[in-house]
Amino acid sequence: MEPVSGKRTYRSIWISDVHLGTRGSKADYLLDFLKYSDSEYLYLVGDIVDGWRLKRAWYWPQSHNDVIQKILRRARKGTKVYYIPGNHDETAREYIGIQFGGVTVVNEIIHETADGRRFLVIHGDQFDAVVKYAKWLALIGDHAYVLLLHLNTGLNFVRRKLGFTYWSIAAYLKHRAKSAVEYIGNYETALAEEARRREVDGVICGHIHTAEMRNIEGVLYCNDGDWVESCTALVEHATGELEIINWTEMLRQQQVKAAA
């Protein structure tokens, strides 16, 4: 994995759905992103650690520990770090309002951008009917998802040997299944409606592993994606402009530029 040249400084960074504790977590890519990205604010928008998976089988390589250490180091150096627990790390919701190593645990938070816009920052599982009303169905889906990730690991081992960048089977299938596309659309609409109800300018969330930024009837819906399928983050520039960063795509573009 070739590094992206030059360190980038943002006003804010949002990351979610890292799922540390699972074999599908792209912790190495996240470490690389954090190495070359700095910010005044860092929001951890849920499912950073996968408590569901760790309860079933312990998996915690050094790179997963390194992610935690790098985040704590950011907090010690003055970055304002907020941790908004998700459904896979829901036990952290017992510590809402408490600060650990400079990281403040909150259920949700309102972020004001440099240009004065206000955004509700929330993981988003509260608006997922499957998780909210039928948790056992979500767990069944989790098993199928883990199987896809195992298949993906083998495929991407071959791709790396051939000089290609990371590609996700799960993400590919998700965006081609009609029911999944409808679910994503309904989820996005529900979050936008909640932002409108709160009288804020937009919402920033995670949960569904689908990075997106679009206007929904006057409300800006932003999903920072994940570090399992897409390796994406949402960033705020000094002007207040928001942008989705696709880290593997940035790496691919650098490879193309270097080969030219």
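The values are calculated or read from the model by the stated rules, or taken from the named source; none is laboratory data. Please read all numbers here as calculations on a predicted model, not as lab measurements. Note: ideal-geometry Cβ built from the backbone for every residue, glycine included; neighbour counts use all protein chains shown.
Cβ-Cβ distances below 6 Å connect the following pairs, each with a first residue in segment 97-119 that is polar (S, T, N, Q), a second residue that is surrounded by 12 or more Cβ atoms within 10 Å (Cβ to Cβ) and assigned to a strand (DSSP E or B), and a separation of six or more residues or different chains: T104/Y82; T113/E236.
Checked against (1) modelled with pLDDT of 95 or more; (2) among the small types (G, A, S); (3) more than 16 Å from S230 (Cβ to Cβ), S5 passes all but a single condition, namely (1). Residue count for segment 20-56 under the criterion of being of a type in the set (V, I, T) and in contact (Cβ under 8 Å) with a residue 60 or more places away in the chain: the result is 2. Contact annotation: residue pairs with Cβ atoms under 6 Å, 6 or more positions apart or on different chains, pairing a residue in segment 246-257 that is farther than 20 Å from I13 by Cβ with a partner that is modelled with pLDDT under 80 and hydroxyl-bearing (S, T, Y), are R252/T165.
Of the residues T91, T104, only one is over 23 Å from C231 (Cβ atoms) and assigned to a strand (DSSP E or B); which?
T104
Within segment 184-206, the set of residues being buried (at least 23 other Cβ atoms within 10 Å of the Cβ) and in contact with a Ser or Thr (Cβ under 7 Å, 6 or more places away or on another chain) comprises G206 only.
For segment 48-66, the criterion of a residue being touching a Gly at 6+ places or on another chain (Cβ under 8 Å) and of a type in the set (S, T, Y) is satisfied by at least one position. Checking every residue in segment 60-80 against the condition of being of a type in the set (G, A, S), over 30 Å from G218 (Cα atoms) and either in contact with a Pro (Cβ under 6 Å, 6 or more places away or on another chain) or at pLDDT below 95 (or both) gives zero matches. Scanning segment 88-138 for residues that are of a type in the set (D, E, K, R), under 16 Å from A190 (Cβ atoms) and modelled with pLDDT under 95 yields D125, D128, K132.
Across segment 211-240, the qualifying residues are those that are more than 19 Å from the chain's Cα centre (by Cα) and part of a loop (DSSP other than H, G, I, E, B), and the one among them that is surrounded by the most Cβ atoms within 10 Å (Cβ to Cβ) is G240.
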